[in-house]
Amino acid sequence: MYLDEVSSAGNAAGTGARIALLNRQSRQVIETLVKNIEKIETALEPKFQDYFVDAMAFPNKTDPFPNLFSLVTRPAVKEVADNGWWQKASAALSLILFVGGVLYRLKTLLKN
């Protein structure tokens, strides 16, 4: 697996902006690199919407990812006060969005 090569970049956009503003040489390097970037417009990518919608289902509509939590740590279940359905629905939606995002990233990573 390639997961050991994946790490968080944090606020990469903010860090890059600070570097470009404060260092002329780095700004020139950034400008050169930007010219070689291939932008992929996800809205135009035919399969993106399918992958996104499938990942929104819990579990994923098309990929069960049976070994997912052997590769990544399962997020802790949040304790929710029993003050009504809204808090429970909100917690469930947060988990669904998190897992959907992880699954889409894993699927993309593993296909490459």
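The values are calculated or read from the model by the stated rules, or taken from the named source; none is laboratory data. This structure is a prediction, so every number in the text was calculated from the model and none was measured. Please note that ligands, DNA and RNA were not included when accessible areas were found on the heavy atoms of the full protein model with its side chains. Shrake-Rupley method; radii C 1.70, N 1.55, O 1.52, S 1.80 Å.
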Quiz item: When the helix-only estimate is applied to the chain (DSSP H runs of n ≥ 4, each -39,500 (n - 2.57), divided by the residue count), what is the mean residue ellipticity at 222 nm, nearest 500 deg cm²/dmol?
Solution: -17500 deg cm²/dmol
Quiz item: If you roll a 1.4 Å probe over the heavy atoms of the protein chains, what accessible area per residue do you get for the chain, in Å²?
Solution: 85
Exercise. Quick one: pull the percent of accessible area on the chain belonging to carbon and sulfur, 1.4 Å probe, ligands and nucleic acids left out.
Key: 59
Practice problem: Could you list the square roots of 5 times each eigenvalue of the Cα gyration tensor of the stretch 24-70, that is, the equivalent ellipsoid semi-axes, sorted largest first and rounded to whole Å? | Solution: 36, 16, 7
Exercise. Report F48's accessible area, 1.4 Å probe, all protein chains in place, as a number in Å² to the nearest 10.
Key: 40
Quiz item: Among the helices of the chain (complete DSSP H runs), which have Cα atoms covering no less than 20 Å along the helix axis and a Kyte-Doolittle mean of at least 0.5?
Solution: 85-111
Quiz item: How many percent of the alpha carbon pairs in the chain exceed a separation of 19 Å?
Solution: 64
Exercise. Might you work out the accessible area of E5 for me, using a 1.4 Å probe with all protein chains in place, and round it to the nearest 10 Å²?
Key: 140
